[in-house]
Amino acid sequence: MKAPTLSAAPVPDAPALTSQTVNPLQHGMALFHATPPDYVRALGWFRAAADAGDGEGMAMLGLCLLEGLGTTADPVQARELFRKAASRRSALGRFQLGRVLMTGRGGPADEAAGLTAYVAAASMGHPEATFNLANCLFAGVGCLPDRLAAKALYLRARNLGCSLRPQGVLVRQRELKAVRVLSERFADPNRMFFLVQERQQELALVHAVAQPARQAAQARASKPRRLREASRVAAGVVAAVAGTLGQMLRPASRDAGPTTLNF
């Protein structure tokens, strides 16, 4: 009697034999943004990504440590991770480094360094970093106030999809063109740093030129009261005459007054 022939087991296709490459950062982000989020498991994936040298993985691991998500908060270690991530050109790492430098979490505050970190992240198109940079320029945090550039960056942040909105920021009609042009220039990653630096240098020069005038004003304020009163009267007369002549000689302003951009 002939023995039955055994058929061979089906052989899987070559692609099926190759395990798909696991991306720790993607797995971690999926768990981090899940509903509800699983921070504990996400933390493990971020740690794996960071150990592999992934800058974004370092930044996300640092964020979990900074805010105590899935682990005990450790701002000092988080700050160091943000530094490492920033050195690997991670936009998120630079943004988060700016935050901790500005607020002094995990180490001493350094507003100037924080501003530089925001500029670096904003030049890479990070929406929230662009918004925070605008806040700094508007209020003069770590820099001289530059409200025109701040308004341009608020517009840039909105165009990048930032959901944050500035409160009480007004753009005059005569500023609209300059704001839009500046916003377009800030979109060039190679020009962001130099534009901010150049405008800061110009503002410093203006302040330096205005310093003697401020000192003279302070000196006048120290005059005896009678002389101050006489000076005010004389100044009032000159101002009145100048104002009258100005109305006759100066064309009507085309400025329609403050208008609010829907940032």
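Taken together, the values in this text are just the output of simple stated rules run on the coordinates, not laboratory data. Computed from a prediction, not measured in an experiment: that's the story for all the values here. Backbone-built Cβ (ideal geometry, glycine too); neighbour counts: all protein chains shown.
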May I ask for the net charge around Gly57, where only other residues with Cβ less than 9 Å from the Cβ of Gly57 are counted and Lys, Arg are +1 while Asp, Glu are -1?
-2
What spacing in nm lies between the two simple spin-label points modelled at Thr35 and Leu164, each 7 Å away from Cα in the Cβ direction?
2.5
Computed over the stretch 113-195: relative contact order in percent, which uses C-alpha pairs under 8 Å that are six or more apart:
31
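Please give the net charge around Gln167, taking every other residue with its beta carbon less than 15 angstrom from that of Gln167, where Lys and Arg add +1 and Asp and Glu add -1.
With Lys, Arg at +1 and Asp, Glu at -1, the neighbours total +4.
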Counting Lys and Arg as +1 and Asp and Glu as -1, what is the net charge of the other residues whose Cβ lies under 14 Å from the Cβ of Leu153?
+4
List the residues, sorted by chain then number, that are 5 or more residues from Arg172 or on another chain and whose placed amide H is less than 5 Å from its amide H.
Thr259
7 Å from Cα along Cα→Cβ at both Ala139 and Arg174: what's the point-to-point distance in nm?
2.9
Estimated vicinal HN-Hα couplings, Hz - the stretch 103-114 in sequence order (Karplus 6.51, -1.76, 1.60; Gly, Pro = x)
8, x, 7, x, x, x, 6, 8, 5, 5, 5, x
Where in the stretch 94-136 does the amide nitrogen come within less than 13 Å of the point 7 Å from the Cα of His207, taken along Cα to Cβ?
112
Once you have a ≥ b ≥ c as the square roots of the Cα gyration tensor eigenvalues for the stretch 14-111, tell me rounded if a/c is under 1.5, and otherwise prolate or oblate according to whether a/b is larger than b/c.
prolate
Theoretical FRET efficiency, 1/(1+(r/R0)^6), r = Cβ-Cβ of Gln200 and Asp74, R0 30 Å, to 0.05:
0.30
Which three numbers, in whole Å and largest first, are the semi-axes of the equivalent ellipsoid of the stretch 121-189 derived from its Cα gyration tensor as √(5λ)?
16, 14, 12
